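Take a look at the structure below.
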Amino acid sequence: MKKTNGKAIEFEHVDKWFGAFQALKKINLSVEEGEIVVICGPSGSGKSTLIRCINGLEPYTSGQVKVFDSLDLNQQKGKVGMVFQHFYLFPHLSVLENLTLAPLRSLKLSKQAAKDLAMHFLERVKIDDQADKYPAQLSGGQQQRVAIARSLCMMPRIMLFDEPTSALDPEMINEVLDVMVELAQEGMTMICVTHEMGFAKKVADRVVFMDEGEVIEIATPENLFNSPKHKRTKAFLNKILAH
Amino acid sequence: MSVNQAITRKPRYSFNLLDYMLILVTMVVIGWIYYRSSIGVNYHWNWKAAVDLIFTPSADGSLPYFFQGIISTLRLSLWGMIFASIIGILLGVARHSKIALFRLPATAYIQLIRNIPPLVFVFIFYFFISNQLIPLLGLDNLLRNHNAELSRLTYYLFGRSSLWENLLSGIFCVSLLSAAYIAEVVRSGLEGIEKGQWEAAYSLGLSRWSKYRYVIAPQVISNISPPLAGQAISLVKDSSIVALISIQELTFVGTEIANSSGLIFEIWLFVGLAYLIICLGLSLLFSKIEKTTRKHLEK
Ligand SMILES: Nc1ncnc2c1ncn2[C@@H]1O[C@H](COP(=O)(O)OP(=O)(O)O)[C@@H](O)[C@H]1O
Ligand SMILES: [Mg+2]
């Protein structure tokens, strides 16, 4: 398959404290280049905090996080794309301007080059016909696809997804997941916080189960979903499968 | 809007019955006050003399004194708004900063201004800053001894060079007061931006400057333009307070004309009218601007 190109991300004994509250406890996790990792776990278990440590949005308290063997997470900005639950498109900019902003200002591309790049990714997420609209004029699913395209314009080597479909109406979830599956099949390194089991089974190499700030269990999707080893994993799976 | 409403909608400026009744009531009240004041207070209205006075050119043939006052107020307001915005934005950003070295002085200044009467500030300002600081910096000589011929534009923007020192004190005073209020507006605007907007900008690798310039500032400006417009209008009105330190703007001029002619009511009503026209004009202007800057919010 696609792996063994080297390590993309490495967590070593990472602790994260918010004041007196420990959100991450001794996290050890390494992700290969090209690997797809899905993270699941109950709300408040530290999933967001964990992936926010990867691009430096959340400074960790102790331990080490290396991205492509570098400890300087600031240098990775733009090289580690992030997609949020609530999209966070820039509301005052058109779809096209949302996509060209960072290439123009950070990569210093020419206007034409930035526009070509943006249109290329808008086509890939099948939304090129909405380029001149404003975010508020799009549906949630469309907005999330724009957000993904916006990250891709910076040519990231890693993509982080924090519950990208949780804020969407059910009928829009698949259009976003389809884009993510395509991206996964092209060899992008991806860490996805999601409870979409179908997605995990289809593309994930490993699934990480977290609870109360700890990594409880890491396994392939089949093993984790069908024969979880830990009782906390079982309890969680029972809950989300119950309805 | 439904088709039905669109058809039955009246032209914008037509008055309905309630409007007419309100106008009638207003006129009756005004008439009654006028009547009472002419017999009760024993005041003799002399509008003709007042109008003549207001439109009489100055001795040297230039613009009538009253209109010089209006222009002076406009000038003071224009520069006041510019400086107040600059200082206000800096203070607002500092107030929002995580760094205490920036935040604390800004907070202290804003609280100080907002919690002492403007009048007291004007006096403190006049005796300490205007009387001490400007001479200290050597600005007074520079300003007073500028004798070169002024271009027309320079004249309208800055007035006669003999009054520059006077104008500068006025601008400082007005803008230092207004800046504290603008700073609070700016801060609340910054706080109104979702955390996610900053995080999305960060994740895209935008520099600190690009983040503020292209992501945060445009949203803050569009959100705070209504309170900012209100602040600009307040500034025009509040600029009258500097008449107390002999800045020769509309209120100062009004005082002089009213006292020297004895046409107290007439002149002050004209002064009020002039402020009313300036402020209403500004609020119309701002609502036009607001409509064009908020286009992206339409569905
Ligand atoms: N900025 C913060 N300040 C204080 N506590 C926080 C902060 N962010 C997250 N937490 C706490 O850390 C824990 C983990 O949060 P999070 O990583 O968002 O969980 P998840 O994404 O798994 O739902 C939660 O208990 C949350 O309340
Ligand atoms: Mg979360």
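The values are calculated or read from the model by the stated rules, or taken from the named source; none is laboratory data. Nothing here was measured: the structure is a model prediction, and the numbers come from that model. Please note: Cβ atoms are built from the backbone with ideal geometry, for glycine as well, and neighbour counts cover all protein chains shown.
Numbers below:
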{"item": "Qualifying residue in segment A:84-97 (condition: modelled with pLDDT of 95 or more, touching a Cys at 6+ places or on another chain (Cβ under 6 Å) and farther than 24 Å from A:Ile173 by Cα)", "result": "no"}
{"item": "Subset tally (residues that are part of a helix (DSSP H, G or I) and either more than 7 Å from chain A (Cβ to nearest Cβ) or touching a Leu at 6+ places or on another chain (Cβ under 7 Å) (or both)) for segment B:191-202", "result": "6"}
{"item": "Enumeration of residues in segment B:206-216 that are within 10 Å of chain A (Cβ to nearest Cβ) and part of a helix (DSSP H, G or I)", "result": "B:Trp209, B:Ser210, B:Lys211, B:Arg213, B:Tyr214, B:Val215, B:Ile216"}
{"item": "Some residue of segment A:35-51 being more than 15 Å from ligand 2 (Cβ to nearest atom), touching a residue at least 60 places away in the same chain (Cβ under 8 Å) and either within 14 Å of another protein chain (Cβ to nearest Cβ) or of a type outside the set (A, V, I, L, M, F, W, C) (or both)", "result": "yes"}
{"item": "Subset of segment B:217-246 (residues that are of a type in the set (Val, Ile, Thr), within 14 Å of chain A (Cβ to nearest Cβ) and farther than 30 Å from A:Leu107 by Cβ)", "result": "B:Ile224"}
{"item": "Answer residue from segment A:148-165, given it is outside any strand (DSSP E or B) and within 16 Å of ligand 2 (Cβ to nearest atom) and is farthest from the other protein chains (Cβ to nearest Cβ) among those", "result": "A:Thr165"}
{"item": "Residue match in segment A:206-220 (condition: away from ligand 2 (no atom under 16 Å from the Cβ) and part of a helix (DSSP H, G or I))", "result": "no"}
{"item": "Condition check for A:Ala149: in contact (Cβ under 8 Å) with a residue 40 or more places away in the chain, within 27 Å of A:Ala8 (Cβ to Cβ) and more than 16 Å from ligand 1 (Cβ to nearest atom)", "result": "yes"}
{"item": "Check on A:Lys7, at pLDDT below 95 and closer than 15 Å to A:Val80 by Cβ", "result": "yes"}
{"item": "Pick from segment A:220-243, criterion among the aliphatic types (A, V, I, L, M) and out of contact with any helix residue (DSSP H, G or I) (no Cβ under 9 Å at 6 or more places or on another chain), ranking: surrounded by the fewest Cβ atoms within 10 Å (Cβ to Cβ)", "result": "A:Ala242"}
{"item": "Members of segment B:263-287 found to be surrounded by 18 or more Cβ atoms within 10 Å (Cβ to Cβ) and touching a Lys or Arg at 6+ places or on another chain (Cβ under 8 Å), listed by number", "result": "B:Tyr275"}
{"item": "Selection from segment A:101-113 of residues that are within 21 Å of the chain's Cα centre (by Cα) and more than 8 Å from chain B (Cβ to nearest Cβ)", "result": "A:Pro103"}
{"item": "Residue within segment A:66-74 that is under 22 Å from B:Tyr212 (Cβ atoms), of a type outside the set (Asp, Glu) and touching a Pro at 6+ places or on another chain (Cβ under 7 Å) present", "result": "no"}
{"item": "Enumeration of residues in segment A:37-55 that are within 20 Å of A:Pro228 (Cβ to Cβ) and more than 11 Å from ligand 1 (Cβ to nearest atom)", "result": "A:Val37, A:Val38"}
{"item": "Residue that is farthest from the other protein chains (Cβ to nearest Cβ) [pool: residues in segment A:166-193 that are surrounded by fewer than 22 Cβ atoms within 10 Å (Cβ to Cβ) and within 16 Å of ligand 2 (Cβ to nearest atom)]", "result": "A:Leu168"}
{"item": "Residue within segment B:165-186 that is in contact (Cβ under 8 Å) with a residue 12 or more places away in the chain, assigned to a helix (DSSP H, G or I), within 14 Å of chain A (Cβ to nearest Cβ) and closer than 26 Å to A:His86 by Cβ present", "result": "no"}
{"item": "Odd one out for A:Gly34, checked against (1) within 15 Å of ligand 1 (Cβ to nearest atom); (2) out of contact with any helix residue (DSSP H, G or I) (no Cβ under 9 Å at 6 or more places or on another chain)", "result": "(1)"}
